[in-house]
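A short write-up of the structure that comes next.
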Amino acid sequence: MTAQTSSATTRATCEAFDRADPIRAYRDRFRLPEGVIYLDGNSLGALPKATADRVKKVLDVEWGEHLVDGWLKDNWMGLSEVLGDKIAKLIGADAGEVIVVDTTSINVHKVIAAAMLMRPDRRTLLTDKGNFPTDVYMAQGLVEFLGRQHRIKMVEEDEVAESIDEDTAAVFCTQINYKTGRLHDMAKITKAAHAKGALAIWDLAHTAGCVPIELNKIEADFAVGCGYKYLNGGPGAPAFVFAPKRHHDKVRQPLTGWLGHTNPFEFGLDYKPAQGIRQFRASSPPILGIVAMEAGIDDMIEFGIGNVRAKSLALTSLFMKLVEERLLKHGFGIATPKETERRGSQVALTHKDGWAIMQALKARKVIGDFREPNIVRFGFAAPYVRFADVWDAVENLVQVMEKEEWKKPEFQNKKWVT
Ligand SMILES: *Cc1c(COP(=O)(O)O)cnc(C)c1O
C-alpha cells in the first residue's frame with residue numbers, strides 16, 4: 001500500500017489499493033447498510049455480524065433457560081476478566097491486568113483517585129487542553145471532592161512533559177485527541193512523569209482497536225478505554241481499566257462495591273478488596289453489554305492490530321492527499337498532523353460552515369460527524385473502510401461544495417447529538 005506516494009490518484013487507483021489490501025476480506029465480518037460510506041467508527045463502531053448470534057444465544061439459552069445459574073454455568077461472573085485478557089493483547093498488557101467494567105467516565109474516576117492516593121504528599125493532577133471534556137469534568141469533580149489543597153493544572157498539548165514537577169501526583173492525558181486526531185508520545189510523557197516521581201494515566205478511547213501500544217513496555221501506571229469506538233462493542237458498551245501487576249498489592253480505588261470485594265458472597269460488612277484487577281469492579285457486570293463486545297474484540301485480535309494500523313495510515317494519508325488536491329479551494333483546512341507517527345485513525349477538516357456541510361454529506365450517505373466549533377470529522381476504521389470509500393467520500397464532498405447543497409435550509413439547524 002503506497003497510497004501516499006502516487007501522484008495522479010483516480011478511483012481506479014483506489015480500487016487497485018483495495019485489491020492489494022491484505023485485510024480486505026475482513027470487511028465482510030461487519031453488517032453495513034447498502035450504499036452507506038461509514039466514516040464514524042471513531043464515535044460508534046460498526047456491528048460485527050457474529051455479535052447478533054452471540055447475544056441471541058444469551059437470550060435464548062443462557063438467560064432464557066439457565067436463569068440465575070448462568071452466573072456460573074455460562075461464566076457471566078468471569079466475563080469481565082475474560083474480555084479484559086483479550087483487550088490486554090491489543091494494548092501491550094499482560095493477562096490479569098485489564099478488566100471490562102462500567103463506563104470510561106466512571107473508570108476515569110477510579111484511576112485518578114487511585115493514583116492520587118498513591119502520591120498522598122502531592123496535590124497536582126496534570127492534564128492538557130486537548131483532553132476530552134468528560135475526562136476533565138470527572139477530574140474536576142474528584143479534585144473538588146478531595147478538598148481545597150488539590151488542583152488541576154491544564155497545559156497546552158505539547159507542553160505536558162516539561163510541565164511535570166515535584167507536586168505532580170499524576171499526569172492524565174488522552175493519547176489521541178478526539179477532535180484533531182493528534183497523538184501523544186506516551187513513552188516520552190510516561191518517562192518524564194516517572195523522572196519526577198509522578199504517575200502516568202492514559203485514556204485510550206481513540207487508541208484501542210486502531211493503534212498498537214505497549215503499556216507495560218513503557219511502564220504506564222493506569223489506563224482506561226472505551227468499548228464502543230474502534231472495538232465495535234455497541235452503543236454504550238462497557239469500558240475497560242488497566243492496572244499493572246506491580247501496583248496490584250498497594251492500589252486502592254474508591255468505588256468499593258461488593259463485586260470488587262475479595263469474597264462478595266461472604267456478605268461480611270467490612271470491605272476487603274479483591275486481589276488483582278478484580279478490585280476495579282464495583283457492581284454486577286452488565287452481561288448483555290459485555291457479551292455484545294466479545295465478537296468485535298475476537299475479530300480485532302484476528303485482524304492483527306499492526307495490519308489495522310498500517311491500513312489506517314494509508315487510508316488517512318490518501319484522504320488528506322485528496323483533500324489537498326480537491327477541497328482546499330473550497331475553504332477547508334486540515335487540523336490533523338501530517339506525520340504518520342503523530343496521528344491516530346481520523347482526519348479532522350476545518351470549515352466555518354462545517355455543521356451544514358456534514359449534514360449535506362450525510363444526506364448523500366457519507367457518514368462522518370461534526371465537533372465544535374468548526375471540525376468536520378472523519379474516522380477510518382481500517383477493518384471495514386475501503387480505499388474506494390475514501391475516493392467516494394471526497395467526491396461527494398466536492399459535489400456538496402460545488403452544487404452548494406449545504407446551503408439548503410434543512411441543513412442549518414444544529415441537533416442535540418452531533
Ligand atoms: C468517547 C470518550 C469517552 C466516553 O466516555 P463515556 O463515559 O463512555 O461516555 C471518554 N473519554 C474519551 C477520551 C473519549 O473519547
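The values are calculated or read from the model by the stated rules, or taken from the named source; none is laboratory data. The structure presented is a predicted model; accordingly, all values stated were derived computationally and were not measured. Because the Cβ atoms are built from the backbone with ideal geometry, glycine has one as well, and the counts that use them run over all protein chains shown. To get the accessible areas, we keep the full protein, side chains included, count just its heavy atoms, and leave off ligands, DNA and RNA. Shrake-Rupley method; radii C 1.70, N 1.55, O 1.52, S 1.80 Å.
Oblate is the label for the stretch 209-305, because a/c, from the alpha-carbon gyration tensor with a ≥ b ≥ c as root eigenvalues, is 1.5 or above and a/b does not exceed b/c. Ranked by the mean number of other Cβ atoms within 10 Å of their residues, highest first, the peptides 354-365, 106-117, 334-345, 229-240 fall in the order 229-240, 106-117, 354-365, 334-345.
For the chain, what does the accessible surface come to per residue with a 1.4 Å probe? Please give it in Å². Present the calculation step by step, with values, prior to reporting the outcome.
Values: 17920 Å² over 418 residues.
So the chain comes to 43 Å² accessible per residue, rounded to a whole number.
Against the main long axis of the alpha-carbon atoms of the chain, helix 11-20 sits at an angle near 40°. Figure legend: label point modelled 7 angstrom from the Cα of Glu325 along Cα→Cβ; residues of the stretch 351-393 with amide N under 16 Å from it are 387-393. Checking the Cα-Cα distances for Lys57/Lys365; Lys73/Lys217; Lys57/Lys250; Lys89/Lys179; Lys179/Lys415; Lys188/Lys311 against a 30 Å cut-off, the pairs over it are Lys57/Lys365; Lys73/Lys217; Lys57/Lys250.
Volume of the convex hull of the stretch 115-221 (Cα atoms only), normalised per residue: 93 Å³.
Here is the list for the stretch 31-76: GluC sites (Glu not before Pro) lying in DSSP coil, each with at most 15 other C-beta atoms within 10 angstrom of its C-beta, are Glu34.
Translational diffusion coefficient, Stokes-Einstein: compute it for the chain using the Kirkwood radius over C-alpha pairs as Rh, at 20 °C and 1.002 mPa s, and state it as an integer in µm² s⁻¹.
Details: Rh = 22.5 Å.
It comes out at roughly 95 µm²/s.
Give, rounded to the nearest 20 debye, the magnitude of the charge dipole that the stretch 75-302 has about its Cα centre when Lys and Arg contribute +1 at Cβ and Asp and Glu contribute -1 at Cβ.
Rounded to the nearest 20 debye, it is 420 debye.
Would the stretch 42-172 count as rounded, prolate or oblate if I go by the C-alpha gyration tensor, calling it rounded below 1.5 in a/c and otherwise prolate when a/b exceeds b/c, oblate otherwise? The shape class here is prolate.
Report note on the peptides 369-375, 264-270: ranked by the mean count of other C-beta atoms within 10 Å, highest first, their order is 369-375, 264-270.
For the stretch 1-119, rounded, prolate or oblate, judged on the Cα gyration tensor with a ≥ b ≥ c (square roots of eigenvalues), a/c < 1.5 rounded, else prolate if a/b > b/c?
On the way: a/c = 2.75, a/b = 1.50, b/c = 1.84.
Judged from the Cα gyration tensor, the stretch 1-119 comes out oblate (a/c at least 1.5, b/c at or above a/b).
Applying a DSSP loop filter and a limit of 12 other Cβ atoms within 10 Å to the GluC sites (Glu not before Pro) in the stretch 66-172 leaves Glu156, Glu166.
For the chain, the carbon plus sulfur part of the accessible surface works out to 54%, probe radius 1.4 Å. Cα convex hull, the stretch 75-302: 114 Å³ per residue, rounded to a whole number.
When the chain is described by a simple charge dipole with +1 on each Lys and Arg Cβ and -1 on each Asp and Glu Cβ, the residue from Tyr228, Val394, Pro273 located farthest towards its positive end is Val394.
Divide by every residue of the chain the summed helix terms, -39500 (n - 2.57) for each DSSP H run of at least 4, and state the resulting mean residue ellipticity at 222 nm, rounded to the nearest 500 deg cm²/dmol.
Details: 13 runs with 148 residues, N = 418.
So the calculated ellipticity at 222 nm is -11000 deg cm²/dmol.
Relative to the current alpha-carbon distance between Asp69 and Glu395, full extension at 0.36 nm per residue lengthens the span by 111.9 nm.
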